[in-house]
Structure formats: C-alpha cells, structure tokens
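Engineer: My questions will all concern the structure given below.
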Amino acid sequence: MCNCCFSCPPQFLRRQQVLQLYRRILRAIREVPTEDDRQYLKQWAREEFKRNKDATEEDTIKMMITHGNMQLQELKKTLQLAKS
C-alpha cells in the first residue's frame, strides 16, 4: 500500500466513505429543531473531521468511520425520540 494521497483505490474508497459519512451527519443535523443546536452540531462535526483529516493509518481511519457511524445512529435515535 502506498502513501500517495487518495489516488490509489483503497485510499480513494476510504475517502469516499468519509465524505459520505460527513454528508449523512450534516443531513441528520438539519433535522435538529433549534437553530442554536444545529449550529453547535455543525461546528462540532466540522471540527472533528478537520481534526482527523491528516490520519493515514488504515485501522485508525476504519475505527473513526465506525465511531462516526455510531454517533450518527445515536443522533438519529435522539431525533426520533424527540419527535414522538
């Protein structure tokens, strides 16, 4: 495996996964009822992804994607409970 940015297939696919996760998180945040909470969560998501943008270790990236998906599911569950 090379370390040449995201042009190699595994890195490219991982980058696609990260971008998809980021977009899904932002879409879920749009459902948050209050503007202050939406802004807070958007800022939090942006900072988390920026903070980890230079990660290169494959296992670390996989773990972060898994953690992000779990946080997304928690957000969705919380929003669903708030609606009911």
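The values are calculated or read from the model by the stated rules, or taken from the named source; none is laboratory data. Fair warning: this is a prediction, and the values are worked out from it, not measured in the lab. Methodologically, a virtual Cβ is constructed for each residue, glycine included, from the backbone with ideal geometry; neighbour enumeration extends over all protein chains shown. Ligands, DNA and RNA are stripped out before the accessible areas are found, and what is left, the full protein with its side chains, is counted by its heavy atoms. Shrake-Rupley method; radii C 1.70, N 1.55, O 1.52, S 1.80 Å.
Engineer: Where residues in segment 52-84 are open to solvent by 100 Å² or more (accessible area, probe 1.4 Å) and polar (S, T, N, Q), which of them is modelled with the highest pLDDT?
Structural biologist: Of the residues in segment 52-84, the ones open to solvent by 100 Å² or more (accessible area, probe 1.4 Å) are 53-54, 56-57, 59, 63, 70, 74, 77, 80-81, 83-84.
Going one step further and asking which of them are polar (S, T, N, Q), we end up with 56, 80, 84.
On the way: THR56: 89, GLN80: 94, SER84: 83.
The extreme case among them is GLN80.
Engineer: Next up: How many residues, within segment 26-50, are open to solvent by 80 Å² or more (accessible area, probe 1.4 Å) and closer than 20 Å to GLN16 by Cβ?
Structural biologist: 3
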